[in-house]
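Each value in this text was obtained by applying a stated rule to the coordinates, not by laboratory testing. A quick note: this is a predicted structure, and the numbers were derived from the prediction, not measured. A quick note on method: Cβ atoms are made from the backbone with ideal geometry, for glycine too, and the neighbour counts reach across all protein chains shown.
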């Protein structure tokens with residue numbers, strides 16, 4: 001699915017890794033099956049924060065977490081966390097004009113808006129394809145009290161695993177959707193609880209206080 005964008009849109013320049021990305025960092029990312037604090041740099045000086053995970057690490061994090069969901073800033077899932085896969089995914093998403101809908105732009109002003117309600121496609125919600133009531137995948141909107149909204153895509157672990165197996169089988173090297181949120185089993189109650197937590201924990205904001213990012217990463 002592509003996004004329309006004008007010829008004057010900002011162009012992707014490179015990936016920037018917090019702390020650099022030498023041979024040891026590459027080995028560490030492949031061994032740990034994830035790499036966070038990665039930024040896609042654009043030629044207009046803007047940066048978008050990304051995170052790369054393998055499914056096995058994502059499910060481990062979900063199992064060990066006290067939270068009922070897993071979400072990372074700009075989450076992109078890859079079969080292996082290698083530099084080649086990370087760069088390929090980023091360039092492909094940037095070329096389609098989709099990268100800005102995946103990663104959080106930094107620096108940006110954190111939102112103070114509060115949760116109002118969660119809305120979703122009732123037709124898709126009413127069609128569970130699992131005997132245990134797991135909805136699998138649902139695209140939803142979190143409405144806020146400042147009259148803005150956040151689009152999120154919920155996946156259950158079983159559905160995500162199925163989708164990834166099919167994708168990797170045909171040679172895909174990345175998978176993502178806007179604001180991808182993963183839970184063990186997906187139902188309406190879970191989605192509402194998670195949506196409120198996402199807003200309360202400011203999961204859609206960047207991880208830096210005003211001025212902090214510019215000091216750590218001067219815009220050149």
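Evaluate the distance, in nm, between pseudo-label points positioned 7 Å from the Cα of residue 196 and of residue 95 along their respective Cα→Cβ axes.
Going by the 7 Å Cα→Cβ label model, 4.4 nm.
Assign one of three labels to the range 39-88, namely rounded, prolate or oblate, based on the Cα gyration tensor with a ≥ b ≥ c the square roots of its eigenvalues; rounded applies when a/c is under 1.5, prolate when it is not and a/b is larger than b/c, and oblate otherwise.
Verdict is oblate for the range 39-88.
Taking 0.36 nm per intervening residue step and subtracting the Cα-Cα distance, what contour gain separates residue 60 from residue 87 on full extension?
7.3 nm
What is the calculated FRET efficiency for residue 11 to residue 153, with r their C-beta to C-beta distance and R₀ = 22 Å, to the nearest 0.05?
0.25
Given axes a ≥ b ≥ c from the Cα gyration tensor, I'd like to know whether the range 12-206 is rounded (a/c under 1.5), prolate (a/b larger than b/c) or oblate.
Verdict is oblate for the range 12-206.
Given labels modelled 7 Å from the Cα in the Cβ direction, how far is it in nm from residue 116 to residue 168?
For the pair residue 116/residue 168, the computed spacing is 4.1 nm.
Using a Förster distance of 30 Å, how high is the FRET efficiency between residue 146 and residue 43, based on the Cβ-Cβ distance and rounded to 0.05?
My answer for the efficiency is 0.45.
So what is the relative contact order of the range 12-206, in percent, for Cα pairs below 8 Å that sit 6 or more residues apart?
22 percent
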